Amino acid sequence: MKTWQREIARQDEFISSELHHAKYFAHALKVLVTDVREVAEIGVYKGRMTKRFLRIYPDVQYHMIDTWRWMDNGTRIAQRTNPEHWERIYSRILDQYGTKENCHIYKGFSVDVARRFADGSLDACFIDAGHNYDSVVTDIHAWMPKVRKGGLLAGHDYRQRGPHRDVGRAVNDVLGKENLHIGTDSVWLYFME
């Protein structure tokens, strides 16, 4: 076990196992990363994580990346296939965060948006977008170089079943299970050494 894994595991003893993934991610940043200024969230959807995270880190430069359109990830929820559904959600995101100086909204595929960021420019990146195997692998490869040494690459739905069952396998295949820490709410962490 690496030093950072021991430290976060030790800190995990003091937090609730019911902690929302946004709060757990913020907790991990406070424990592992110094001077957090730039954070990217890949897969924003309705902005629930954004809202919770920005309560803890209100001054961070926060980059919100999503297609805000239906993608086939195995969940056949009828309303999500409706383009109007996605336009309403995107409109709400713009209304809520579009005028905030520290919030930056990018509508597009994460791999395309990643090209707009310099390598090592982020202190942390949280991946919770496409949940099929190829999407997770692609997102990790696209965003990992963007996180600086001493930063944190993380994501959600590591231990899930059903349509999200491939997340853990993809994360393990790219990063190696021995290099991860799995926290509350199925959050996976990878410290950039």
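Brief remarks follow.
- Above-threshold pairs, the threshold being 18 Å between Cα atoms, out of K30/K107; K46/K177; K23/K146; K2/K149; K46/K107; K107/K149: K30/K107; K46/K177; K23/K146; K107/K149
- Evaluated at q = 0.15 Å⁻¹: base-10 log I(q)/I(0), Debye formula over Cα of the chain: -0.89
- Counting only DSSP beta bridges whose two residues both lie in the chain, roughly 25 percent are antiparallel.
- Mean ellipticity per residue at 222 nm, deg cm²/dmol - from DSSP H runs of n ≥ 4 across the chain, formula -39500 (n - 2.57): -11000 deg cm²/dmol
- Here each label is just a point 7 Å from Cα along the line to Cβ, and for D95 and T34 those points are 4.3 nm apart.
- Separation in nanometres of the label points that stand 7 Å from Cα toward Cβ, at R88 and R165: 3.2 nm
- Stretching the chain fully between K107 and R52 yields a gain of 17.7 nm (0.36 nm per residue, less the alpha carbon separation).
- Fewest neighbouring Cβ atoms within 10 Å first, the residues V36, V174 line up as V174, V36.
- Ranking of F191, F117 by count of other Cβ atoms within 10 Å, fewest first: F117, F191
- By the beta-carbon count within 10 Å of each Cβ, the least crowded to most crowded order of C125, C103, fewest first, is C103, C125.
- Relative contact order, whole percent, for the chain stands at 25, derived from Cα pairs under 8 Å and 6 or more residues apart.
Quick note: the coordinates plus some simple rules give every number you see, no bench work behind them. Treat the numbers as computed from the prediction; the structure is a model and nothing was measured. When we count neighbours, we look across all protein chains shown, and the Cβ atoms used for this are built from the backbone with ideal geometry, even at glycine.
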